[in-house]
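Below: one structure, written as structure tokens.
The values are calculated or read from the model by the stated rules, or taken from the named source; none is laboratory data. Since this is a predicted model, take the numbers as computed values, not measurements. As a convention, Cβ positions derive from the backbone with ideal geometry for all residues, glycine included, and neighbour counts pool all protein chains shown.
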Amino acid sequence: MSELVEKPEYLDFIREAVAEDLRTGRYKEVRTRFPPEPNGWLHIGHAKALFVDFGVAQDFGGKCNLRMDDTNPEKEDMEYVEAIKRDIKWLGFDWEDRLFFASDYYEKLYELACKLIKKGLAYVDDLDEEQIKEFRGTNVPDKNNITYTPPGRNSPWRDRSPEENLDLFERMRVGEFADGSKTLRAKIDMAHPNLLMRDPVMYRIRRIPHYRTGTKWCIYPMYDFAHPLSDAIEGITHSLCSLEYEIHRPLYEWFIQNCEVFPSRQIEFARLNLSHTVLSKRWLLQLVREKKVKGWDDPRMPTIAGMRRRGYPAAGIRDFLGRIGIAKTDSLVDIQLLEHCIREELNTHANRYMAVINPVKLVIENWPEGKIEWLEAVNNPEDPSAGIRKIPFSSTLYIDRDDFREVPPPKYYRLYPGNQVRLRYGYIVTCTGFEKNPTSGEIEKIRCVYDPNTRGGDAPDNRKVKGTIQWVCAIHAIPIEARLYDHLFEAERPMEVPEGKTFFDNLSDHSLTIESRAVAEPAVVEIEKGQTVQFERIGYFCKDPESTSSLAVFNRTVTLRDTWAKIEKKFQEKPH
RNA sequence: UGGGACGUAGGCAAGCGGUAAGCCUCCGGAUUUUGGUUCCGGCAUGCGCAGGUUCGAAUCCUGCCGUCCCAGCCA
């Protein structure tokens, strides 16, 4: 992956720790893992974890495993496994032949649980869910807060003999007991200040078919038990996870130590938070279920699939991931940084085309009747190897409504009566007038004359023409549908909502604008689905898979930087 | 009145006792057949606050303040 992204000139705290572990001989090599639960699609937050997991392994000559952390039959599905694999591959990470499933370890995990029972470190508990909570001694309200101080109480079943526990656990496995009637718990310390250490549940009884093991098991291991041991089974040296697991680390170490398995080390880092969106499978699932978006791959979603459909290149995403850094500070990354990385990548790789989103007719009065000229246009000024193409020019063109003003605002140097402008790769034209619809008042036609000596846009007399605008020949115009996307949420932090409101209230009402009158130059027919191009002066657009032979649909990936919009806004705020 | 972590610019983030990197944003200016790109320049006498140690502190010590996580038989 070293070729995939530029390395910073310093070591982040994780790499520092790993380097230290190698130096001291704590580990001989580096092995990491990316452990998604197949219960939702991957989002940009997972991409950060992927980048850290695969990146650290790569940097130290190690390997990173892909492991489906599937220990909860209620929510997991093969559909998600496939989606996850596809997205990881697309992002450019390679697990080679190391795809594993926690569900493949059920038997080993069961044996390790028996080992703890034999050592007197685990027991079968008959307490129900409510009682466990009560005995943990945590649910004690104190003024409006919660006090965690009271020590818990031992379960009356805590001192069963290893023989009895072994027998009961075996009978749990074969299905003798009802769902929820018994659990296997680790025997640690019911008075421990860290709640997770108060005899955590290791196994629960759930008669729900698992998407991979079917009905073979009716007991399923909990994360805190399964995770460290799965890591150990795979010989993971560094188990990198997010900050919320910090408090789980003592438990992680307890299981590893007492099961006497490979000593994996857990290191936590801050998960990614991105402005104007939500990064949690739970909330994303809600957006999908409540039909706030069209699906997991809606281009407004921060999912990998959504970004891919939106037109974000994987290289741009990786660049972003490399720039945000790795630390333990809870932070909120500005989505503008992501957009900047996407633009930077696309600027050098996306071919240019001319399109007009909101067309208005431009008639060239002195253009020879019926003449059509094919002009040369550069495909990518940043990349000469991208070549050139031909575009047709005639007496009637379409230009964008925004490129004409009846009365120009300050600093405006596009078309207005009497002003001249360059039609990109075409000719320099001078506006001679315009026509309005008498009833609606809408401008229907703009008139101009062209200078035959300016073919291609060059000014032989060296005159300065400030404005250059894009255009589309009316005769050859290809109708397209442009889907203009904006941030999904208006608020920088969508989850911060006033009492009685939900994050749905923060949804932006202009996150999607469909422009069905848009037109483009004929060459756009060559663009393939999934390909991202630049529509000059507008932005980058990706041809959507929903495109048909009769209508091409383009998703706006990201706009170009718009300095004019800033100038205009400034003058609107305080005109002078 | 518990435990675990974290506080460096508007947003990220280096810095590891020798006098505040870099990136994004923002603001100027140059170049430009995309108001794009590119290029120059500006943006913390200051590192949560208060003391202390030291010739010297963002870095070490003490105390305070603030923020986040922990009450699933979810991961």
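Which members of segment A:222-262 meet the condition of being over 28 Å from the mean Cα position of the chain (by Cα), in a helix (DSSP H, G or I) and more than 9 Å from RNA strand B (Cβ to nearest atom)?
Within segment A:222-262, A:LEU229, A:ALA232, A:ILE233, A:LEU251, A:TYR252, A:GLU253, A:TRP254, A:PHE255, A:ILE256, A:GLN257, A:ASN258, A:CYS259 meet the criteria.
Looking at segment A:334-350, is at least one residue more than 10 Å from RNA strand B (Cβ to nearest atom) and in contact with a Cys (Cβ under 8 Å, 6 or more places away or on another chain)? Even if it seems obvious, please write down each step before you answer.
Residues of segment A:334-350 more than 10 Å from RNA strand B (Cβ to nearest atom): A:342, A:345, A:349.
From what is left, the residues that are in contact with a Cys (Cβ under 8 Å, 6 or more places away or on another chain) are none.
No, segment A:334-350 contains no residue that is more than 10 Å from RNA strand B (Cβ to nearest atom) and in contact with a Cys (Cβ under 8 Å, 6 or more places away or on another chain).
Is there a residue being surrounded by 12 or more Cβ atoms within 10 Å (Cβ to Cβ), among the β-branched types (Val, Ile, Thr) and either more than 20 Å from A:ALA377 (Cβ to Cβ) or in contact (Cβ under 8 Å) with a residue 12 or more places away in the chain (or both) anywhere in segment A:402-420? Steps first, please.
Quick first cut of segment A:402-420, residues surrounded by 12 or more Cβ atoms within 10 Å (Cβ to Cβ) only: A:402-405, A:408-409, A:412-417, A:419-420.
If we keep only those that are among the β-branched types (Val, Ile, Thr) as well, we get none.
No, because not a single residue in segment A:402-420 is surrounded by 12 or more Cβ atoms within 10 Å (Cβ to Cβ), among the β-branched types (Val, Ile, Thr) and either more than 20 Å from A:ALA377 (Cβ to Cβ) or in contact (Cβ under 8 Å) with a residue 12 or more places away in the chain (or both).
Can you tell me which residue within segment A:306-363, out of those that are assigned to a loop (DSSP other than H, G, I, E, B), among the small types (Gly, Ala, Ser) and touching a strand residue (DSSP E or B) at 6+ places or on another chain (Cβ under 6 Å), is surrounded by the fewest Cβ atoms within 10 Å (Cβ to Cβ)?
It comes out as A:ALA350.
So which residues in segment A:249-285 are at pLDDT 95 or above, surrounded by fewer than 18 Cβ atoms within 10 Å (Cβ to Cβ) and among the polar types (S, T, N, Q), if there are any at all?
Once the filter is applied, which keeps residues that are at pLDDT 95 or above, surrounded by fewer than 18 Cβ atoms within 10 Å (Cβ to Cβ) and among the polar types (S, T, N, Q), segment A:249-285 yields A:GLN257, A:ASN258, A:ASN273, A:SER275.
Name, by its number, the condition in (1) in a helix (DSSP H, G or I); (2) in contact (Cβ under 8 Å) with a residue 60 or more places away in the chain that does not hold for A:ALA57.
(2)
Scanning segment A:530-554 for residues that are assigned to a loop (DSSP other than H, G, I, E, B) and within 20 Å of the chain's Cα centre (by Cα), which turns out farthest from RNA strand B (Cβ to nearest atom)?
Filtering segment A:530-554 down to residues assigned to a loop (DSSP other than H, G, I, E, B) leaves A:530-531, A:536-538, A:544-551.
Going one step further and asking which of them are within 20 Å of the chain's Cα centre (by Cα), we end up with A:530-531, A:544-545.
Numbers: A:GLY530: 21, A:GLN531: 16, A:ASP544: 21, A:PRO545: 26 Å.
For segment A:530-554, the residue satisfying everything is A:PRO545.
Out of all the residues in segment A:103-160, which are modelled with pLDDT under 95 and in a loop (DSSP other than H, G, I, E, B)?
Matches in segment A:103-160: A:GLY137, A:THR138, A:ASN139, A:LYS143, A:ASN144, A:TYR148, A:THR149, A:PRO150, A:PRO151, A:GLY152, A:ARG153.
With respect to the numbered conditions (1) touching a residue at least 24 places away in the same chain (Cβ under 8 Å); (2) within 16 Å of RNA strand B (Cβ to nearest atom), which one is the sole condition not fulfilled by A:LYS566?
(1)
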